[in-house]
Amino acid sequence: MASFPPTVNEKLIGRSRAVGELLAPVSPFDKKCGRENWTVAFAPDGSYFAWSQGHRIVKLVPWSQYLNNFSVHGVKNFANASQSRLSRQNSDGNQKTKPCEHSIDCGDIVWSLAFGSSVPEKQSRCVNIEWHRFKFGQDQLLLATGLSNGRIKIWDVYTGKLLLNLMDHTEVVRDLTFAPDGSLILVSASRDKTLRVWDLKDDGNMMKVLRGHPNWVYSCAFSPDSSVLCSVGASKTVVAAILV
């Protein structure tokens, strides 16, 4: 049985209304399959909203701007507005850019999305940090995309640049979640019956493989202190793992 926390007024839920509608443009691909919109995600700071437009395209929109548009024009589709040129920034993320609307071609059907941002005092668990290819800055915002071919691609949200390509899953990546402590620890859930733990501050190296599910893994979530990971799969069971 599900319930709402005490802070939620359940009587107001029935009065909820749509504030806007985002529609994908006509697909440039011939295939009819793969047009489904599988996933959406908000950036932790509310700056961006991401959604899969079907096939292999992820749309990133500045959320506050869209809310203002919806308030002025009502329930309308602004997803096909002209795109702004992406501003470039340094690879260390020291230069934060103003959010602008743009798309990312992920190369395959996108099943899962997750935003992640770094906290400087959270160091990588790897000892040889001088060998890292990337230095993630405090203002850098990352987007992880889980694909139909089992790959996970990590993007710089502000520049649209592909940073990492994680390739250990053998089936669809159904869900992604970042640890909420800013450590850039990423967990992926897959149809290959496993969860995998990745350290993006260690160039995306895989830390652990969790094999507690006998069937597909659908979803995963961290506890608020990032110490416990829970997951659910096709076997109708919830599996909890202590990561620290």
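Here, each number is a calculation from the coordinates, and none is a lab measurement. Bear in mind that the values here come from a model prediction, so they are computed numbers and not experimental data. Counting neighbours? That spans all protein chains shown, and the Cβs are built from the backbone with ideal geometry, glycine included.
Starting from the 7 Å offset along Cα-to-Cβ, what nm value, one decimal, do you get for the label separation of Thr237 and Val40?
With each label placed 7 Å out from Cα toward Cβ, I get 3.4 nm.
Take the Cα radius of gyration of region 154-244 and divide it by 2.2 N^0.38 Å, with N its residue count; two decimals is plenty.
1.06
Expressed as cubic angstrom per residue, what is the convex hull volume of the alpha carbon set of region 197-244?
On the way: hull volume 4.0 nm³, N = 48.
Per-residue hull volume (Cα only) is 83 Å³.
How much length would be gained if the chain were fully extended between Val19 and Asp105, taking 0.36 nm per residue of separation minus their Cα-Cα distance, in nm to one decimal?
Numbers: separation 86, 0.36 × 86 = 30.96 nm, distance 2.73 nm.
Separation in residues times 0.36 nm, less the Cα-Cα distance, equals 28.2 nm.
Please compare each pair in Lys161/Lys193; Lys11/Lys59; Lys201/Lys236; Lys161/Lys201; Lys98/Lys208 to a cut-off of 28 Å on the Cα-Cα distance and tell me which ones are over it. Mind showing how you got there, number by number?
Numbers: Lys161/Lys193 30 Å; Lys11/Lys59 34 Å; Lys201/Lys236 33 Å; Lys161/Lys201 17 Å; Lys98/Lys208 36 Å.
Beyond 28 Å between Cα atoms: Lys161/Lys193; Lys11/Lys59; Lys201/Lys236; Lys98/Lys208.
Given points 7 Å out from each Cα along the Cα-Cβ axis, report the Lys161 to Lys11 separation in nanometres with one decimal.
In this crude label model, Lys161 to Lys11 measures out at 5.4 nm.
What distance in nm separates the two pseudo spin-label positions at Asn69 and Tyr218, each 7 Å out from Cα along the beta-carbon direction?
Going by the 7 Å Cα→Cβ label model, 3.3 nm.
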